[in-house]
Amino acid sequence: MNYKSIAPFLVLAVMLALLLFSASGDSATMDELAHIPAGFGYVKEHDYRLNPEHPPLIKTLSAYSAWIFAKPYFPTDTDAWQKDINGQWTQGAIFLYESGNDADKIIFWSRFPLILLTIILGFIIFSWTKKRFGENTALLTLVLYAFSPTVLAHGRYVTTDLGATFGFFIGLIAFLKFMEKPVWKNVFLLGVALGIAMLLKFSLVLLIPVFLIVILAKVLSAPHFKVY
């Protein structure tokens, strides 16, 4: 077996180990104190009152993971839930540390979907780069991604940062595919990618002006285009 065929999987396996071991036993960040209970509000109570400033997909995936593996009690008889306007941090502190739950277990399993998403993004980056620039360039790109301190730091937390990265990348490559071959299939794929991106981070609406600028540049650079 060619070492190049297994090298990407070895890199991703090492990255996965780094993310899992560093996430285990690490206390919740300030953002996670809000995002984790918000996800449980969506999943258990079907209520969007906590953390409405970010879209629900990341928090929902995290909550389902923790709900399956940790099965915590989510209190709804608190002032933070019933009376406060978006009392996310207080509700998070009560949920994790004052309700008889295993906070470490909840935090770890809430992070698990983000860790998987980080690995999936690495595989997508490798696959796309390989098709465009060859295997050697793709492997180098993957190594730079997998061992980037920024990616390793944010890829293990229940925040929107890695989700935004994922959404921007899939949106961009779907758009490039559409530009190269504007058929209905690629229109559909672009729509799906853009929809996923919007569910990951509201600021990814900036993809739309990026797309429009690229389309305008393509039109203006066309050989037949004339300005009268």
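The values are calculated or read from the model by the stated rules, or taken from the named source; none is laboratory data. Predicted model, so just to flag it, every value in this text is computed and none were measured. We place every Cβ from the backbone using ideal geometry, glycine too, and count neighbours over all the protein chains shown. For the accessible areas, the whole protein counts, side chains as well, though only heavy atoms, and no ligand, DNA or RNA atoms are used. Shrake-Rupley method; radii C 1.70, N 1.55, O 1.52, S 1.80 Å.
Checked across segment 99-121, the condition of being assigned to a helix (DSSP H, G or I), closer than 20 Å to residue 42 by Cβ and among the polar types (S, T, N, Q) holds for at least one residue. Does residue 110 satisfy the criteria of being among the polar types (S, T, N, Q), surrounded by 13 or more Cβ atoms within 10 Å (Cβ to Cβ), under 21 Å from residue 64 (Cα atoms) and in contact with an Asp or Glu (Cβ under 8 Å, 6 or more places away or on another chain)? Spelling it out, residue 110 is indeed among the polar types (S, T, N, Q), surrounded by 13 or more Cβ atoms within 10 Å (Cβ to Cβ), under 21 Å from residue 64 (Cα atoms) and in contact with an Asp or Glu (Cβ under 8 Å, 6 or more places away or on another chain).
Residues in segment 136-166 that are open to solvent by less than 60 Å² (accessible area, probe 1.4 Å), part of a helix (DSSP H, G or I) and in contact (Cβ under 8 Å) with a residue 40 or more places away in the chain: 138, 139, 142, 143, 146, 152, 162, 163, 164, 166. Can you tell me how many residues within segment 173-228 are open to solvent by less than 90 Å² (accessible area, probe 1.4 Å), in a helix (DSSP H, G or I) and under 24 Å from residue 57 (Cα atoms)? Of the residues in that region, 25 qualify.
Inside segment 32-70, residues that are open to solvent by less than 70 Å² (accessible area, probe 1.4 Å) and in a helix (DSSP H, G or I) make up a count of 21. The numbered conditions (1) at pLDDT below 95; (2) under 27 Å from residue 151 (Cβ atoms) are all true for residue 83 except (2). Do we find a residue being exposed (fewer than 14 other Cβ atoms within 10 Å of the Cβ), among the small types (Gly, Ala, Ser) and assigned to a loop (DSSP other than H, G, I, E, B) anywhere in segment 9-23? No: segment 9-23 contains no residue that is exposed (fewer than 14 other Cβ atoms within 10 Å of the Cβ), among the small types (Gly, Ala, Ser) and assigned to a loop (DSSP other than H, G, I, E, B).
Flag: residue 119 matches the condition of being surrounded by fewer than 18 Cβ atoms within 10 Å (Cβ to Cβ), of a type outside the set (Gly, Ala, Ser) and in contact (Cβ under 8 Å) with a residue 60 or more places away in the chain. Whether any residue in segment 119-132 is under 11 Å from the mean Cα position of the chain (by Cα) and closer than 21 Å to residue 52 by Cα is what I want to check. Within segment 119-132, none of the residues are under 11 Å from the mean Cα position of the chain (by Cα) and closer than 21 Å to residue 52 by Cα.
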